[in-house]
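Comments concern the structure below.
Since every read-out is calculated from the coordinates, none of them should be taken as a lab result. Here the structure is a predicted model, which means the values were calculated and not measured. Virtual Cβ from ideal backbone geometry, glycine too; neighbours counted across all protein chains shown.
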Amino acid sequence: MDSSQLQQRRGGLVSLSPSQTPRSSDKAARDLRSGETNSSSKQDKEKGVNVQVIVRCRPLSEDELRVHTPVVVTCNEGKREVSAIQNIANKQIDRTFLFDKVFGPTSQQKDLYDLAVSPIVYEVLEGYNCTIFAYGQTGTGKTYTMEGGARKKNGEFPSDAGVIPRAVKQIFDILEAQNAEYSMKVTFLELYNEEITDLLALEETSKFIDDKSKKPIALMEDGKGGVF
Ligand SMILES: Nc1ncnc2c1ncn2[C@@H]1O[C@H](COP(=O)(O)OP(=O)(O)OP(=O)(O)O)[C@@H](O)[C@H]1O
């Protein structure tokens, strides 16, 4: 398969804390699915767009429980809906948002991975280009979802390992099972304040404690305005 045959497939994870209300400034923004049932996604399909938006809502933390933080977001995983309660001028307004998949506060790392990420990793191994990224307000669970809560203990894979270690494991497991000859290239970049830094650059590893010593990588623009 040559590169012109490769399709771009992308996925995005939105993290929500249960006390945070998703914003919808207009009616169109309320249906955020790329499923077949809405007309805008039909148009997207015709245009070859293939983006899934998945929401994960984290449970309240112990601190939030202690101070009785009100829960204003509820998830309906079966219907793939997130409902938000907003109080505007003493009026309670409930809004429901539709997504490709919804993972509620009791969802486990493995469930999210198996249902939302594993199929995409299979597509990568079939030659597709895929991207998974998490976005959301600070403290909503992006790091927990992507990296996970614990390191590998006694060689065992921790149950709260996130998307990244699980994806790496899945890729190696499949390649090993196929006895395939393969090479893997990994980059780990930090984009912060419009500066991009190679976090795996060998000469910098001993100096990570001091942010100022990190060497930024040059950002280039190609003839078509693409950044690389
Ligand atoms: N699904 C979850 N189950 C249990 N705890 C969670 C879950 N998601 C997040 N947490 C906990 O909530 C806290 C905040 O999560 P996290 O650090 O992942 O947020 P973040 O979105 O990466 O924040 P920031 O943008 O500030 O880096 C952490 O203590 C994390 O362990």
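Tabulated data
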| quantity | calculated |
| --- | --- |
| Order of 75, 57 under a 10 Å beta carbon neighbour criterion, fewest first | 75, 57 |
| Likely footprinting exposure, 114, 222, fewest C-beta neighbours within 10 Å first | 222, 114 |
| Fully extended contour minus Cα-Cα distance, from residue 220 to residue 88, at 0.36 nm per residue | 43.0 nm |
| Two-site FRET efficiency, residue 198 against residue 150, from Cβ-Cβ distance with R₀ of 41 Å, rounded to 0.05 | 0.95 |
| Using a Förster distance of 25 Å, the FRET efficiency for residue 174-residue 50 (Cβ separation, nearest 0.05) | 0.70 |
| Violating pairs (Cα-Cα greater than 25 angstrom) within the set 101/142; 79/169; 101/169; 79/110; 169/224; 142/224 | 79/169; 169/224; 142/224 |
